[in-house]
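Please treat every number below as a calculation from the coordinates, not as lab data. What you see is a predicted model, and the numbers here were worked out from it, not measured in a lab. Positions of Cβ are backbone-derived with ideal geometry, glycine not excepted, and every protein chain shown enters the neighbour counts.
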């Protein structure tokens, strides 16, 4: 047997984060009470019809097409794809089988061009929750807009696949078209693996049930190994569908794919073919979307920020939005980056940190820059910002830099400790710390230590 | 009796008579005892019957199928809502062929509908009950649906007016679909005044139906011009032909232009094949929601595979099942391009042929049916269609979406038959005017 190589292709489903569903006006959200975001259409009730073609979803899909360098079909046309399953109330899914929105695209990963065969719009099925002897159906997912991205089988190894997927996810996140949460199913990846050698191209196996990039990598490696071993033993590879079993890190056969499912596709008679407006196509074609690497380049080249800190910001698109906005408003870029990474981010799990008032945050940064607040107080100040306006309480934290007040405190301390003052002036310089502590105590900590230190020095050395 | 003749008392009386007559004619699936509607409007106190494949939130909607015997829709079809907004009283849902599949009105889980003119004969389908309700003068109007000939055929056999509007003028929201690209909601009526009002109301713009995009044309003035569909004329029984000849004579006397036109007979022969491939393909898709999950009758304890098998086996008639098999076959990937796709191409050819040279004042005339209603025990709904043009020509208007109407024409041994007029697309108002114009001439004939 000659050397075996693998070819890997991907089918990626991504839920678009439009406000409404693909063909109905119900809310697009999986976070609400089950079956609450469900119209009669989403439940597949008799007599219902698609009542809209979601233009927001279309715009988002077009943005992805643009970044993936795809040819766009200006005529939007939808087909029905049939299969019987309890997650599909109508008995069919509306998709773009015959005329996908985008085709023949590519994405460059480490100088390798990953060819993307097609990108099309479709609607999601309902979510099923299987229990021991019954199944529950949540139609909140039914009808959520999806894009399906299909790559050519161009990957040779698992690491390439994961590098591509990470890049793709960053693109989708930075285009703000999806939350891309694999564990929540808003991004789903099916992997096709086939082996070949000089003489032969073996059957394709599809891997499903992959809920993280780590598992995708493991699953591909394990499947390639399984197939290689089969061939070594002289057995054939059948077109199975396998699933990844997390517990054992192995791929397990789900079903025989020999009998290919016939989806009986035909054009949906209820949705007229829609000409995508020229203005929209032109707008998309002329857009220059700012992606993760654009921001990275900007931060590093223009500001020379710390690389690690920049990555922390870039890995959270909402934090990045906030940072980018603050950068344009604040005169203190480094302080801003510090404050976000070291202070604000601490509250991520407790509050909606992206909802913080930007102009108040700018004010806080200015106070820090002017040393008018103590660095150890910053967290407390930020936490209160989630509950009330900073202007209500900032006086509690502002340091006194009124020289007269400080001088008054110094005079008082020196008068009360005349002996020590003489000792100090006699050469016992260690006593400086004592005086400093006394003055700060007198001022109840609400003073700028730098200013105190300077003034105290003047007085002691008079 | 027209809509304006109705008052609260007459409405009540007609409702009671209807319940009594239903025992004999079996034209209603479910009556609505709470029919009274206190809204004001042009149909105040007017009883209107609705074909049982249009969903209603106050009455069950069964589509005359065992599968849906207990189905209660949570919403009203748009046309029902529009009529209720005009004060109409929805008195009942009318019997029909199961899921609108059938040509005789016999294929219903409620049993066959009986022809008021002769109780041994069929009414014609699938909108059988709607036609009977109007024929028995229990309402001036009934709403129905027409996919191949389902309004015009029973209208022809019951001496009523059966109107199929242009495709895309009446919202299909709330219609249990048979074949979306052909399904048209229309009207069975006993007078033209109410027909016009009803059409105006049900053709209101509805945001629930993306395919309702067309705008109806304004009516023109006479003179009308008529094309006699020669292939049909040549085929029909001699008694119908002689009535046609009389009508042509009358028209010519009034100096109205009448021409004979022969269409490509080879192309016309494939009408039933094209219809079956397209209509059944769409039906196999539309009825895929009948699985036993959302619409369930049997086997709550079964797993999905058995559940769907059990429900579809037990609750669909053999006729429906056979049509679903044909439809599924038509869409099979292996012969999709030689069956379904080819049928779509031939449909376009037929449309071009039928619409050619048809201007706003010209109408195609043909006998609606080539004979009177058949004896009930002599017809079965079969998959084999006759290839007689006079039997299939009504389907042409469903293929192209053109408006088409059947009006009472004449009688043979006390059995009625109709005359069909077809106009150009969206020229519905003119078509109704031309129909009324012809009705007067036909009426004159008898005086």
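Given R0 = 30 Å, the distance between the Cβ atoms of residue B:1 and residue B:39 translates into a calculated FRET efficiency of 0.90. The mean sequence distance of close C-alpha pairs (under 8 Å, at least 6 residues apart), as a share of the length of segment A:403-460, puts its relative contact order at 47 percent. When shorter helices are ignored and each DSSP H run of at least 4 residues is given -39500 (n - 2.57), the per-residue value for chain A at 222 nm works out to -11000 deg cm²/dmol. Using only Cα atoms, tell me the angle between helix A:292-303 and the longest principal axis of chain A; keep it within 0 to 90° and round to the nearest 10. Helix A:292-303 sits at roughly 20 degrees to that axis. Angle of helix A:158-174 to the longest C-alpha principal axis of chain A, folded into 0 to 90 degrees and rounded to 10: 60°. Listed by Cβ neighbour count within 10 Å, with the fewest neighbours leading, A:33, B:55, A:150 appear as A:33, A:150, B:55. Between segment A:320-348 and segment B:311-378, the alpha-carbon centres lie 67 Å apart. Measuring spread by the Cα atoms of segment A:253-303 yields a radius of gyration and Dmax of 22.6, 59 Å. For segment A:403-460, the alpha carbon convex hull comes to 65 Å³ per residue, rounded to a whole number. This ranking places A:101, A:399, B:396 by how few other beta-carbon atoms lie within 10 Å of each, fewest first, which gives A:399, A:101, B:396. Peptides A:7-14, B:107-114, B:178-185, A:280-287 ordered by packing proxy, namely the average of other Cβ atoms within 10 Å per residue, highest first: B:178-185, B:107-114, A:7-14, A:280-287. Here the relative contact order of segment A:101-250, from alpha carbon pairs under 8 Å that lie six or more residues apart, stands at 16 percent. Divide the volume of the convex hull around the Cα atoms of chain A by the residue count and you get 236 Å³ per residue.
A convex hull fitted around the alpha carbon atoms of segment B:302-429 yields 175 Å³ per residue. Treating each Cα of chain B as an identical point scatterer and summing with the Debye formula, the log10 of I(q)/I(0) at q = 0.07, 0.11 Å⁻¹ comes to -0.31, -0.80. For chain A, relative contact order (Cα pairs under 8 Å, six or more residues apart, normalised by length) works out to 14 percent. Share of pairwise Cα-Cα distances greater than 16 Å in segment B:398-438 is 40 percent (whole percent).
Nearest 10 degrees is fine. How inclined is helix A:432-442 to the longest principal axis of chain A, computing both from alpha carbons? It works out to around 80 degrees. Mind running the shape call on segment A:5-275? Use the C-alpha gyration tensor, a ≥ b ≥ c as the square roots of the eigenvalues: rounded below 1.5 for a/c, prolate if a/b tops b/c, oblate otherwise. Note, shape of segment A:5-275 comes out prolate.
Counting Cβ atoms of other protein chains within 10 Å of each residue's Cβ and taking the mean over peptide B:283-295 gives 6.
State log₁₀ I(q)/I(0) for segment A:341-393 at q = 0.16, 0.19 Å⁻¹ as given by the Debye formula over alpha-carbon point scatterers of equal weight, solvent excluded. Taking Cα atoms of segment A:341-393 as identical point scatterers yields -0.42, -0.60.
Which part of segment A:90-114 falls in the paramagnetic zone of residue A:75, meaning amide N under 11 Å from the point 7 Å along Cα-to-beta-carbon? Residues A:99 fall inside that zone. Take each residue in A:91-99, count the other chain C-beta atoms within 10 Å of its C-beta, and the mean is 2. Averaged over the residues of peptide A:128-137, the number of Cβ atoms from other protein chains lying within 10 Å of each residue's Cβ is 1. Projected onto their three principal axes, the Cα atoms of the protein assembly as shown cover extents of 141, 79, 54 Å, largest first. Considering all C-alpha pairs of segment B:90-149, those separated by over 20 Å amount to 17%. List the residues of segment B:322-361 whose backbone N lies under 20 Å from a point placed 7 Å from the Cα of residue B:266 along the Cα-to-Cβ direction. Backbone N within reach: B:338-339, B:342-356. Placing a pseudo-label 7 Å from each Cα along the Cα-to-Cβ vector at residue A:355 and residue A:115 gives an inter-label distance of 4.8 nm.
Whole-percent P(r), segment A:1-42, all Cα pairs, 10 Å bins from 0: 22, 34, 14, 11, 11, 8.
With both labels modelled 7 Å from their Cα along Cα-to-Cβ, the residue B:19 to residue A:301 distance reads 8.4 nm.
Compute the Kirkwood hydrodynamic radius of segment B:3-202, taking the inverse of the mean of 1/r over all pairs of distinct Cα atoms, and give it in Å to one decimal. Every distinct Cα pair counted, the radius reaches 15.9 Å.
Note on segment A:292-396: percent of Cα-Cα distances in each 5 Å bin, starting at 0 and stopping at the bin with the largest distance, equals 2, 12, 26, 25, 20, 10, 5, 1, 0. The separation of segment A:138-181 from segment B:56-124, counted between C-alpha centres, amounts to 48 Å. Residues of segment B:96-140 falling in the label zone of residue B:375, defined by backbone nitrogen less than 16 Å from a point 7 Å along Cα to beta-carbon, are B:115, B:118-123. Counting every other Cβ atom within 10 Å of each residue's Cβ, A:460, A:337, B:99, A:16 order from fewest to most as A:460, A:337, A:16, B:99. Please work out whether segment B:346-421 counts as rounded, prolate or oblate from its C-alpha gyration tensor, where a ≥ b ≥ c are the square roots of the eigenvalues and a/c under 1.5 means rounded, while otherwise a/b larger than b/c means prolate and anything else oblate? It is oblate, given that a/c is not under 1.5 and a/b is not larger than b/c. The DSSP beta bridges internal to the protein assembly as shown are antiparallel in roughly 80% of cases.
With the simple model of a label 7 Å out from the Cα in the direction of the Cβ, residue A:250 to residue A:152 spans 3.6 nm.
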